[in-house]
Amino acid sequence: MRPWKLGAWLVLGLALTAGAMLTEAADPNTFNRLLPSAAKRNPPPPDDGIHDPVNEGTHMLQPPKDAFGQLPKAPSGNYIDWVKSLDGKKIQPRYDRIDTAAEPIVMDLNIVREVKGSMPDVVYPHKQHTEWLDCSNCHPAIFVPQKGANQISMAGILLGEKCGVCHGKVAFPVSECVRCHSKPKGDGAAAQKTGTTPPDAPKK
Amino acid sequence: MKTEVLGRLRRFWIGVAMFAFAAGGLAILAPEGNAEYADVVINNYSDKAGMRPVVFPHWFHRVRFRCKVCHADLGFQFKAGGNDINMVKIIEGQFCGACHNGEIAWSVENCNLCHSAVPNTPTQVHESTLQKLVAPAGDRKK
(Lines give C-alpha, C1' and ligand atoms only; values in the text may rest on other atoms or scores of the structure.)
Protein backbone atom coordinates (compact mmCIF):
# COMPACT_ATOMS: atom_id res chain seq x y z
CA MET A 1 0.00 0.00 0.00
CA ARG A 2 1.20 3.47 -0.84
CA PRO A 3 1.85 5.77 2.09
CA TRP A 4 -0.75 8.30 0.98
CA LYS A 5 -3.43 5.61 0.99
CA LEU A 6 -2.53 4.58 4.53
CA GLY A 7 -2.67 8.24 5.47
CA ALA A 8 -6.12 8.58 3.91
CA TRP A 9 -7.43 5.62 5.88
CA LEU A 10 -5.99 7.05 9.08
CA VAL A 11 -7.59 10.43 8.47
CA LEU A 12 -10.96 8.77 7.74
CA GLY A 13 -10.76 6.72 10.94
CA LEU A 14 -9.83 9.75 13.00
CA ALA A 15 -12.56 11.86 11.41
CA LEU A 16 -15.20 9.22 12.17
CA THR A 17 -14.01 8.87 15.76
CA ALA A 18 -13.93 12.62 16.31
CA GLY A 19 -17.27 12.98 14.53
CA ALA A 20 -18.85 10.37 16.74
CA MET A 21 -17.54 12.09 19.85
CA LEU A 22 -18.74 15.49 18.72
CA THR A 23 -22.17 14.64 17.26
CA GLU A 24 -24.01 15.58 20.47
CA ALA A 25 -22.23 18.91 20.62
CA ALA A 26 -22.81 19.47 16.91
CA ASP A 27 -26.60 19.66 17.16
CA PRO A 28 -27.65 21.26 20.42
CA ASN A 29 -31.31 21.55 19.37
CA THR A 30 -32.22 17.91 18.96
CA PHE A 31 -35.59 16.79 20.26
CA ASN A 32 -35.63 15.06 23.65
CA ARG A 33 -31.96 15.74 24.20
CA LEU A 34 -31.92 14.17 27.68
CA LEU A 35 -34.82 11.74 27.31
CA PRO A 36 -33.72 8.12 27.08
CA SER A 37 -35.40 6.72 23.97
CA ALA A 38 -38.27 4.27 24.47
CA ALA A 39 -36.33 1.60 22.60
CA LYS A 40 -33.66 1.73 25.29
CA ARG A 41 -36.14 0.88 28.07
CA ASN A 42 -36.08 -2.52 29.77
CA PRO A 43 -32.69 -3.47 28.29
CA PRO A 44 -31.58 -7.11 28.30
CA PRO A 45 -29.19 -7.95 31.18
CA PRO A 46 -25.94 -7.78 29.16
CA ASP A 47 -26.77 -4.19 28.11
CA ASP A 48 -28.18 -2.81 31.37
CA GLY A 49 -24.96 -1.47 32.82
CA ILE A 50 -25.06 -3.47 36.06
CA HIS A 51 -24.82 -7.07 34.79
CA ASP A 52 -21.33 -8.11 33.74
CA PRO A 53 -21.46 -9.06 30.03
CA VAL A 54 -18.28 -11.09 30.52
CA ASN A 55 -20.16 -13.37 32.93
CA GLU A 56 -21.62 -16.43 31.22
CA GLY A 57 -24.69 -16.51 33.47
CA THR A 58 -25.67 -12.96 32.46
CA HIS A 59 -26.58 -14.24 29.00
CA MET A 60 -28.85 -16.96 30.41
CA LEU A 61 -31.06 -14.51 32.32
CA GLN A 62 -34.46 -13.59 30.91
CA PRO A 63 -34.60 -10.14 29.27
CA PRO A 64 -37.40 -8.07 30.90
CA LYS A 65 -39.03 -7.34 27.53
CA ASP A 66 -39.65 -11.06 26.99
CA ALA A 67 -41.72 -11.13 30.16
CA PHE A 68 -43.43 -7.74 29.77
CA GLY A 69 -44.87 -8.19 26.27
CA GLN A 70 -48.44 -9.00 27.32
CA LEU A 71 -48.63 -6.79 30.42
CA PRO A 72 -50.44 -3.43 30.64
CA LYS A 73 -48.12 -0.48 30.22
CA ALA A 74 -47.28 2.37 32.61
CA PRO A 75 -45.38 5.62 32.05
CA SER A 76 -42.56 4.96 34.50
CA GLY A 77 -40.83 2.43 36.72
CA ASN A 78 -40.67 -0.89 34.89
CA TYR A 79 -43.09 0.69 32.35
CA ILE A 80 -45.55 -1.97 33.52
CA ASP A 81 -48.75 -1.36 35.47
CA TRP A 82 -48.34 -4.09 38.07
CA VAL A 83 -51.69 -3.44 39.76
CA LYS A 84 -53.57 -3.79 36.47
CA SER A 85 -51.49 -6.85 35.60
CA LEU A 86 -52.61 -8.50 38.82
CA ASP A 87 -56.25 -7.36 38.57
CA GLY A 88 -56.49 -8.61 35.00
CA LYS A 89 -54.82 -11.90 35.99
CA LYS A 90 -52.07 -11.29 33.44
CA ILE A 91 -49.75 -12.45 36.18
CA GLN A 92 -50.58 -14.88 38.95
CA PRO A 93 -48.00 -14.39 41.65
CA ARG A 94 -48.24 -16.83 44.53
CA TYR A 95 -49.34 -15.59 47.94
CA ASP A 96 -47.49 -18.47 49.57
CA ARG A 97 -44.06 -19.87 48.84
CA ILE A 98 -45.44 -23.33 48.07
CA ASP A 99 -49.26 -23.32 48.23
CA THR A 100 -50.41 -22.19 44.80
CA ALA A 101 -54.02 -21.95 46.00
CA ALA A 102 -53.36 -19.54 48.88
CA GLU A 103 -55.46 -16.37 48.56
CA PRO A 104 -54.52 -12.98 49.98
CA ILE A 105 -56.47 -11.49 52.87
CA VAL A 106 -57.70 -8.36 51.14
CA MET A 107 -58.91 -5.38 53.15
CA ASP A 108 -61.06 -2.91 51.22
CA LEU A 109 -60.64 0.34 53.13
CA ASN A 110 -59.69 3.69 51.68
CA ILE A 111 -57.87 6.21 53.84
CA VAL A 112 -58.21 9.82 52.73
CA ARG A 113 -55.42 12.14 53.79
CA GLU A 114 -56.10 15.83 53.44
CA VAL A 115 -52.96 17.50 52.23
CA LYS A 116 -51.83 20.99 53.24
CA GLY A 117 -50.83 22.22 49.79
CA SER A 118 -52.89 22.80 46.67
CA MET A 119 -52.59 19.23 45.43
CA PRO A 120 -55.68 17.00 45.48
CA ASP A 121 -56.04 14.96 48.66
CA VAL A 122 -54.48 11.54 48.85
CA VAL A 123 -56.61 8.42 48.75
CA TYR A 124 -54.76 5.42 50.10
CA PRO A 125 -56.42 2.16 49.04
CA HIS A 126 -55.78 -0.76 51.38
CA LYS A 127 -57.27 -3.06 48.73
CA GLN A 128 -54.46 -2.85 46.17
CA HIS A 129 -51.82 -2.91 48.88
CA THR A 130 -53.16 -5.98 50.68
CA GLU A 131 -53.26 -7.83 47.37
CA TRP A 132 -49.48 -7.76 47.47
CA LEU A 133 -48.53 -7.26 51.09
CA ASP A 134 -49.18 -8.47 54.61
CA CYS A 135 -50.40 -6.01 57.29
CA SER A 136 -47.13 -6.59 59.17
CA ASN A 137 -45.11 -5.21 56.26
CA CYS A 138 -46.30 -1.69 57.01
CA HIS A 139 -47.85 -1.80 60.50
CA PRO A 140 -46.69 -0.73 63.00
CA ALA A 141 -43.07 -0.09 61.97
CA ILE A 142 -43.63 2.21 58.96
CA PHE A 143 -47.18 3.43 59.63
CA VAL A 144 -48.73 3.55 63.09
CA PRO A 145 -52.24 2.14 62.55
CA GLN A 146 -53.94 5.15 64.10
CA LYS A 147 -55.52 8.24 62.56
CA GLY A 148 -53.30 11.31 62.77
CA ALA A 149 -50.32 9.43 64.14
CA ASN A 150 -48.27 9.51 60.93
CA GLN A 151 -46.37 12.55 59.70
CA ILE A 152 -45.90 12.15 55.96
CA SER A 153 -44.15 14.59 53.66
CA MET A 154 -43.07 14.43 50.05
CA ALA A 155 -39.54 15.31 51.15
CA GLY A 156 -39.48 12.26 53.41
CA ILE A 157 -40.99 10.07 50.69
CA LEU A 158 -38.32 11.19 48.22
CA LEU A 159 -35.70 10.18 50.77
CA GLY A 160 -37.23 6.74 51.09
CA GLU A 161 -39.37 7.15 54.21
CA LYS A 162 -43.04 6.14 54.70
CA CYS A 163 -44.61 5.55 51.23
CA GLY A 164 -41.08 6.01 49.84
CA VAL A 165 -39.99 2.70 51.36
CA CYS A 166 -41.55 1.14 48.25
CA HIS A 167 -42.73 3.99 45.98
CA GLY A 168 -39.71 5.24 44.07
CA LYS A 169 -37.84 1.99 44.56
CA VAL A 170 -40.01 -0.89 43.45
CA ALA A 171 -43.61 0.37 43.34
CA PHE A 172 -44.55 3.17 40.91
CA PRO A 173 -42.42 6.29 41.51
CA VAL A 174 -43.68 9.58 42.93
CA SER A 175 -43.58 11.22 39.51
CA GLU A 176 -47.04 9.69 39.00
CA CYS A 177 -48.56 12.32 41.31
CA VAL A 178 -52.24 11.76 40.57
CA ARG A 179 -52.27 8.08 41.25
CA CYS A 180 -52.11 9.05 44.95
CA HIS A 181 -53.29 12.67 44.87
CA SER A 182 -56.58 11.67 43.33
CA LYS A 183 -59.37 13.33 45.35
CA PRO A 184 -60.09 16.93 44.33
CA LYS A 185 -60.64 19.16 47.32
CA GLY A 186 -64.14 19.93 48.63
CA ASP A 187 -66.23 22.55 46.81
CA GLY A 188 -63.35 23.77 44.72
CA ALA A 189 -63.39 20.50 42.85
CA ALA A 190 -66.08 21.45 40.35
CA ALA A 191 -64.39 24.76 39.55
CA GLN A 192 -61.05 23.03 39.10
CA LYS A 193 -62.54 20.53 36.70
CA THR A 194 -63.84 23.22 34.35
CA GLY A 195 -60.32 24.53 34.13
CA THR A 196 -59.90 27.79 32.25
CA THR A 197 -63.49 27.93 30.98
CA PRO A 198 -65.10 31.10 32.42
CA PRO A 199 -68.41 30.58 34.34
CA ASP A 200 -70.41 32.52 31.74
CA ALA A 201 -69.04 30.62 28.76
CA PRO A 202 -71.79 29.30 26.45
CA LYS A 203 -72.68 25.67 27.10
CA LYS A 204 -72.11 23.25 24.29
CA MET B 1 1.39 -11.78 -8.99
CA LYS B 2 2.19 -13.02 -5.55
CA THR B 3 3.06 -9.54 -4.33
CA GLU B 4 -0.27 -8.22 -5.65
CA VAL B 5 -2.24 -10.81 -3.65
CA LEU B 6 -0.22 -10.03 -0.55
CA GLY B 7 -0.81 -6.32 -1.12
CA ARG B 8 -4.56 -6.84 -1.39
CA LEU B 9 -4.55 -8.93 1.79
CA ARG B 10 -2.65 -6.23 3.60
CA ARG B 11 -5.03 -3.56 2.37
CA PHE B 12 -7.94 -5.71 3.50
CA TRP B 13 -6.58 -6.03 7.01
CA ILE B 14 -5.78 -2.33 7.25
CA GLY B 15 -9.37 -1.71 6.15
CA VAL B 16 -10.64 -3.99 8.90
CA ALA B 17 -8.48 -2.21 11.45
CA MET B 18 -9.78 1.18 10.31
CA PHE B 19 -13.36 -0.05 10.49
CA ALA B 20 -12.79 -1.28 14.03
CA PHE B 21 -11.27 2.10 14.89
CA ALA B 22 -14.31 3.94 13.50
CA ALA B 23 -16.69 1.54 15.23
CA GLY B 24 -14.86 2.26 18.47
CA GLY B 25 -15.57 5.93 17.88
CA LEU B 26 -19.26 5.19 17.42
CA ALA B 27 -19.31 3.06 20.56
CA ILE B 28 -18.33 6.13 22.59
CA LEU B 29 -21.61 7.67 21.40
CA ALA B 30 -23.76 4.78 22.59
CA PRO B 31 -25.39 5.74 25.90
CA GLU B 32 -24.65 3.74 29.00
CA GLY B 33 -27.31 1.14 29.75
CA ASN B 34 -29.92 1.80 32.38
CA ALA B 35 -30.61 -0.91 34.88
CA GLU B 36 -34.14 -2.26 35.11
CA TYR B 37 -36.22 -0.43 37.72
CA ALA B 38 -35.88 -1.99 41.19
CA ASP B 39 -32.96 -4.26 40.34
CA VAL B 40 -31.04 -4.55 43.61
CA VAL B 41 -27.28 -5.04 43.68
CA ILE B 42 -26.08 -6.69 46.88
CA ASN B 43 -22.40 -6.39 47.56
CA ASN B 44 -22.04 -6.93 51.30
CA TYR B 45 -19.38 -9.63 50.97
CA SER B 46 -19.07 -10.53 47.27
CA ASP B 47 -16.21 -8.27 46.19
CA LYS B 48 -14.16 -9.15 49.25
CA ALA B 49 -14.71 -12.84 48.51
CA GLY B 50 -13.63 -12.45 44.88
CA MET B 51 -17.13 -13.04 43.53
CA ARG B 52 -19.19 -10.75 41.32
CA PRO B 53 -21.86 -8.90 43.37
CA VAL B 54 -25.43 -10.24 43.27
CA VAL B 55 -28.17 -8.73 41.12
CA PHE B 56 -31.67 -9.34 42.45
CA PRO B 57 -34.31 -8.57 39.80
CA HIS B 58 -37.50 -7.53 41.60
CA TRP B 59 -39.54 -7.66 38.37
CA PHE B 60 -38.80 -11.32 37.72
CA HIS B 61 -39.78 -12.31 41.24
CA ARG B 62 -42.94 -10.22 41.50
CA VAL B 63 -44.31 -11.90 38.39
CA ARG B 64 -44.17 -15.14 40.42
CA PHE B 65 -44.65 -14.11 44.04
CA ARG B 66 -46.45 -11.37 45.94
CA CYS B 67 -44.22 -9.07 48.01
CA LYS B 68 -45.55 -10.71 51.17
CA VAL B 69 -43.89 -14.07 50.53
CA CYS B 70 -40.34 -12.69 50.79
CA HIS B 71 -40.92 -9.57 52.86
CA ALA B 72 -43.22 -11.07 55.51
CA ASP B 73 -42.80 -14.87 55.45
CA LEU B 74 -39.07 -15.03 54.68
CA GLY B 75 -38.10 -11.95 56.67
CA PHE B 76 -36.43 -9.82 54.00
CA GLN B 77 -36.23 -6.23 55.29
CA PHE B 78 -37.15 -3.41 52.90
CA LYS B 79 -33.54 -2.29 52.62
CA ALA B 80 -30.90 -3.03 49.99
CA GLY B 81 -28.04 -4.73 51.81
CA GLY B 82 -30.00 -4.59 55.07
CA ASN B 83 -30.37 -8.36 55.29
CA ASP B 84 -27.30 -10.14 56.50
CA ILE B 85 -27.44 -12.78 53.80
CA ASN B 86 -24.56 -15.20 53.29
CA MET B 87 -24.13 -18.51 51.48
CA VAL B 88 -24.26 -20.57 54.68
CA LYS B 89 -27.72 -19.19 55.49
CA ILE B 90 -28.88 -19.73 51.91
CA ILE B 91 -27.73 -23.35 51.92
CA GLU B 92 -29.51 -23.83 55.26
CA GLY B 93 -32.72 -22.68 53.58
CA GLN B 94 -32.95 -19.11 54.82
CA PHE B 95 -33.53 -16.04 52.62
CA CYS B 96 -32.95 -16.92 48.91
CA GLY B 97 -32.41 -20.52 49.97
CA ALA B 98 -36.09 -20.89 50.89
CA CYS B 99 -36.79 -21.25 47.16
CA HIS B 100 -33.38 -21.58 45.51
CA ASN B 101 -33.01 -25.15 46.69
CA GLY B 102 -33.43 -27.10 43.47
CA GLU B 103 -37.14 -27.64 44.15
CA ILE B 104 -38.98 -24.34 43.75
CA ALA B 105 -36.17 -22.61 41.87
CA TRP B 106 -32.71 -23.55 40.67
CA SER B 107 -30.19 -24.31 43.37
CA VAL B 108 -27.06 -22.56 44.64
CA GLU B 109 -24.84 -24.49 42.22
CA ASN B 110 -25.65 -21.87 39.58
CA CYS B 111 -23.36 -19.29 41.18
CA ASN B 112 -23.08 -16.94 38.24
CA LEU B 113 -26.80 -16.55 37.63
CA CYS B 114 -27.02 -14.46 40.83
CA HIS B 115 -23.41 -13.34 41.13
CA SER B 116 -23.63 -11.56 37.81
CA ALA B 117 -22.99 -7.86 38.50
CA VAL B 118 -20.08 -5.83 37.24
CA PRO B 119 -17.38 -6.12 39.93
CA ASN B 120 -17.29 -3.24 42.45
CA THR B 121 -20.90 -2.21 41.85
CA PRO B 122 -22.07 -0.80 45.19
CA THR B 123 -25.07 -2.12 47.09
CA GLN B 124 -28.15 -0.17 45.97
CA VAL B 125 -31.63 -0.22 44.45
CA HIS B 126 -31.10 0.74 40.84
CA GLU B 127 -33.13 3.45 39.13
CA SER B 128 -34.64 4.47 42.50
CA THR B 129 -35.80 8.07 42.89
CA LEU B 130 -33.08 8.64 45.46
CA GLN B 131 -30.37 7.32 43.13
CA LYS B 132 -31.66 9.58 40.35
CA LEU B 133 -31.75 12.61 42.65
CA VAL B 134 -28.15 12.02 43.62
CA ALA B 135 -27.09 11.45 39.98
CA PRO B 136 -29.39 13.55 37.77
CA ALA B 137 -30.33 12.62 34.20
CA GLY B 138 -27.58 14.67 32.57
CA ASP B 139 -24.87 12.83 34.45
CA ARG B 140 -25.57 9.14 34.03
CA LYS B 141 -21.97 8.02 34.16
CA LYS B 142 -21.40 6.09 37.38
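Side notes on the structure shown:
- In this structure, the amide hydrogen of A:TYR124, modeled 1.01 Å from its nitrogen in the peptide plane, lies closer than 5 angstrom to those of A:ILE111, A:VAL112, A:ARG113, counting only residues at least 5 positions away or on a different chain.
- Taking a straight Cα-Cα cut-off under 14 Å and skipping sequence neighbours fewer than 8 places away in the same chain, the aspartates and glutamates within cross-link reach of A:LYS89 are A:ASP81, A:GLU103, A:GLU131.
- Accessible surface buried upon A-B contact (total; probe 1.4 Å; Å², nearest 100): 5300
- Test item: A:129-136 mean partner chain Cβ contacts at 10 Å: 4
- 20 Å Cα-Cα reach of A:LYS116 towards aspartates and glutamates, excluding residues that sit fewer than 8 places from it in its own chain: A:GLU161, A:GLU176, A:ASP187
- In order through the stretch A:26-40: 3J(HN,Hα) via Karplus (6.51 cos²θ - 1.76 cosθ + 1.60), integer Hz, x for Gly, Pro: 5, 10, x, 10, 5, 5, 6, 4, 9, 7, x, 5, 4, 5, 8
- Shielding by partners - mean other protein chain Cβ count within 10 Å, residues of B:113-125: 4
- B:ALA38 long-range amide H proximity, modeled H, under 5 Å: B:HIS126, B:SER128
- Three-way shape label, the stretch A:107-185, alpha-carbon gyration tensor, a/c 1.5: rounded
- Karplus (6.51, -1.76, 1.60) ³J(HN,Hα), θ = phi - 60°, over the stretch A:45-52, in Hz, Gly and Pro reported as x: x, x, 9, 8, x, 10, 7, 7
- Amide H contacts of B:PHE65 (H built 1.01 Å from N, under 5 Å, at least 5 apart or other chain): A:ARG94
- If you sort B:ASP73, A:ASP81 by accessible surface, 1.4 Å probe, largest first, the order is B:ASP73, A:ASP81.
- Taking every alpha-carbon pair within the stretch B:39-134, the share separated by more than 19 Å comes to 41 percent.
- Note, ³J(HN,Hα) from phi for the stretch B:87-104, Karplus 6.51, -1.76, 1.60, rounded to Hz, x at Gly and Pro: 5, 4, 5, 5, 5, 6, x, 8, 6, 3, x, 5, 10, 7, 10, x, 10, 7
- Percent accessible area from carbon and sulfur atoms, the stretch A:62-113, protein chains only, probe 1.4 Å: 50
The values are calculated or read from the model by the stated rules, or taken from the named source; none is laboratory data. Just so it is clear, the structure is predicted and the values come from calculations on it, not from any experiment. All Cβ positions, glycine included, derive from the backbone under ideal geometry; neighbour counts span all protein chains shown. SASA here: full protein model, heavy atoms, side chains in, ligands and nucleic acids out. Shrake-Rupley method; radii C 1.70, N 1.55, O 1.52, S 1.80 Å.
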